[in-house]
Amino acid sequence: MQNIMNRKLVFKAIETALCAGAMLLWAASASADTVVTFQVDMTGAISNALFNPSTNGVVARGTFDGWATPGMTLTNNPKAANTNIYSGTFDDTSDANGATVNWQFAITTNGAIATFSSQADSDNYCLRLPATSGASTNAPLVFFDDDGAAQTNNITFQVDMGEQIILGTFVPGTQTLYCQGSFEGWSDTFQLTNNPAILHTNRLGAVSTNVYVGTYTLSPSPNAEEEYKYVIATGGNNAYETTTNSDPATGNRFFFNTNQTIPIVDYADLPVSPGVTNNVTFEIDMTTQIQVGNFNTNVNTVEIHGDFNSWGSGQTLTNNPGSSTPNLYSTVIQYMGAANAEHYFKYVIQPGTQWENVSAANSSGGNRYLFLLSTNGNLTNGPVYFSDATPSSLIDFVTVTNCMVTFTVNMTNAVGTDSVVFNTGDVVYINGLNNGVNNSFWTWGVLSAPSQYQMTNVPNTLLYSITLPVAQGQQDDLIYKYSINGNDDEAGFADNHERWIRSLPNYTMPVDTFGSQGAPTQTELPAGNLKIGVAGSKVNLSWLGRRGVHLQTATNLLSKGTVWTDQLQTDGTNLIVAPGGAAATNYSVGQGNLYYRLVGPN
């Protein structure tokens, strides 16, 4: 979100229109009955010749009176110590109980508005009304145009980040928390830090030690109003909180300038939920990976990565070689968080940092997930197979020493997500098969792109090609991505191409189009798309083939007892699948009926 969306608007005509809109919004809530006293010191306005008590008047107008023109007349007390203070009381039945009343002051001449006040925060004044109907409140005494003698005050801000930490939207040590506002120019200059000595018990009864505080010294006019928001910063990107405890016209929090410690609030008004402690046992079966040579128990380890430590270093799982399940690896992780909260994780083989590919049925956004219990307790997640590859799916793996796979990408009209428009002077890379390991990505960046993954231009075209080894034990389902000049700029994070190796020992992938992830022609089915045609005396059949997928034929279709005959010669293991994935065969046209279907592991 851009800063301007979180700041006050400058022009009074616009502010008034926005506040009138806010009045209509609040009108849908229960009407209040709050007696509000407004007061303004005109001393500076008199000194600046803006206001003449003999010829001018003072009014207040706002959501309380529907922004009436000229507004409610304010009067002074000629016998008071300060005769320049003008005030007035209004029974506000327009703004809801507990809502925010907006208003501004104006100088009138002959009953017509001559000059609007100008506030330090460039907006209307705001005040939270009492929640109880029939109550009364006094608005702070301010100076017209906030032109009172400067008064130096220390303002201490406090915000509870507990729920944001639980949700993973704020990671201490990685992200920074700022308070931005009109008082400091809406910039990343005022950083807040955690004070673990503060224990905050919120309205839900949860106790948090994640209160962030900071004190700011400013010297505006007494009681000048300022607006602010809490901001999570990640690198150069700012995420502004959204809060209902704010000025409805701008969405900003507000305070009046006086020495004060602002009460603790929850970031984005989200309180920490009462937490639970769950000890989660994770179990993963590495049998298939061992059988295909992708996991050597003497060399490799398997780790779990996840939001339990903000996707930091992995935690190693261990097995019991002397048990009846020596290929089952496990570990226990303690979660402390909101009841029934969802958490994400994934398994990784080391060395090589080989992330598993989890099936869509078992993942959320490509990651495994679990839900904590509603109470304290223990739970077990698993056992599952690495990449969901069961022993029955050995056909889904490369079973030669190396399979040489050729990739080609069309760069016509290619534009990166970083707005780089491809031209023939740029370099094209492929990423995702680092050292022959599937779904293993080298570090993105112009300076870190390995030369062995630079693709070669096909002369007189905008096609770029490369042939790479896919190591034994890797899944046939390949995950990869292209790049202009080495940057991760083809598509968003984890938005990759997905295609299958359909024959061994060598295979040529269909031509990809840069930036076309998710299109039906770029994210392939494992097998299928059976098509039939007749050419002369032959029946021509074609399909997306691969090893383990073959045709079956039958002479009739019965509700029960249809006999299907395997045509094993059409299996991708025996029938070479052409570049692009097409398998095909011909059958002679016979006298009777012949029905066809595909069968395979998926």
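The long axis of helix 12-26 is offset from the longest Cα principal axis of the chain by roughly 70 degrees. Here the extension length gained between T217 and Q191 equals 8.0 nm, from 0.36 nm per residue of separation less the Cα-Cα distance. Taking every alpha-carbon pair under 8 Å whose residues sit at least 6 apart, the range 261-416 reaches a relative contact order of 31 percent. Each peptide in 290-299, 378-387 gets a packing score, the mean of other Cβ atoms within 10 Å over its residues, and the list from highest to lowest is 378-387, 290-299. Of all DSSP beta bridges confined to the range 278-389, the antiparallel ones make up roughly 75%. Under the classification rounded if a/c is under 1.5, otherwise prolate if a/b is larger than b/c and oblate if not, where does the range 365-438 fall, given a ≥ b ≥ c as square roots of the Cα gyration tensor eigenvalues? Taking the square roots of the gyration eigenvalues as a ≥ b ≥ c, the range 365-438 is oblate. Extension gain for the segment Y595 to L557, taken as residue separation times 0.36 nm less the Cα-Cα distance, is 12.9 nm to one decimal.
With each label modelled as a point 7 angstrom along the Cα→C-beta vector, the N410-S323 pair spans 5.2 nm. Electrostatic bookkeeping for G572 treats Lys and Arg as +1 and Asp and Glu as -1; over the other residues with beta carbon under 9 Å from its beta carbon, the sum is +2.
Its DSSP H runs of at least 4 residues, each contributing -39,500 (n - 2.57), put the calculated 222 nm mean residue ellipticity of the chain at -1500 deg cm²/dmol, to the nearest 500. Summarising the strand pairing of the range 153-269, around 85 percent of its internal DSSP beta bridges are antiparallel. The HN-Hα couplings worked out from phi for the range 337-354 by the Karplus form 6.51 cos²θ - 1.76 cosθ + 1.60 (θ = phi - 60°) are x, 5, 4, 6, 5, 8, 10, 10, 7, 7, 9, 9, 8, 10, x, x, 6, 8 Hz, whole numbers, x standing for Gly and Pro.
Each peptide in 60-68, 459-467 gets a packing score, the mean of other Cβ atoms within 10 Å over its residues, and the list from highest to lowest is 60-68, 459-467.
Here the range 423-456 and the range 495-509 have alpha carbon centers that stand 17 Å from each other. Summarising the strand pairing of the chain, around 85 percent of its internal DSSP beta bridges are antiparallel.
Once you compute Rg and the Kirkwood Rh from C-alpha atoms, what is the Rg to Rh ratio for the range 179-300? Here the Rg-to-Rh quotient is 1.24. Put simply, the amide H of S483, placed in the peptide plane, has neighbours under 5 Å in Y429, leaving out anything fewer than 5 places away on its chain. Peptides 551-562, 205-216 ranked from most to least packed give 205-216, 551-562, packing being the mean of other C-beta atoms within 10 angstrom over each peptide's residues. Please state the shape class of the range 278-389: rounded when a/c is under 1.5, otherwise prolate if a/b exceeds b/c and oblate if not, all from the C-alpha gyration tensor. Verdict is prolate for the range 278-389.
Over the chain, what is the mean sequence separation of C-alpha contacts under 8 Å (at least six apart), divided by residue count, expressed as relative contact order in percent? Relative contact order for the chain comes out at 9 percent. Between the alpha-carbon centres of the range 205-276 and the range 346-416 there is a gap of 41 Å.
With 49 Å as the cut-off, how large is the P(r) tail for the chain, expressed as percent of Cα-Cα pairs?
39
Shown in residue order for the range 45-51 are the 3J(HN,Hα) couplings computed by the Karplus curve 6.51 cos²θ - 1.76 cosθ + 1.60 at θ = phi - 60°: 5, 5, 5, 8, 6, 8, 9 Hz (x for Gly and Pro).
Taking the square roots of 5 times each eigenvalue of the Cα gyration tensor of the range 395-513, largest first, gives ellipsoid semi-axes of 24, 15, 12 Å.
Coordinate-derived values only; no laboratory data. The structure displayed is predicted, hence computed values, not measured ones. All Cβ positions, even for glycine, are placed from backbone atoms using ideal geometry, and neighbour counts span all protein chains on display.
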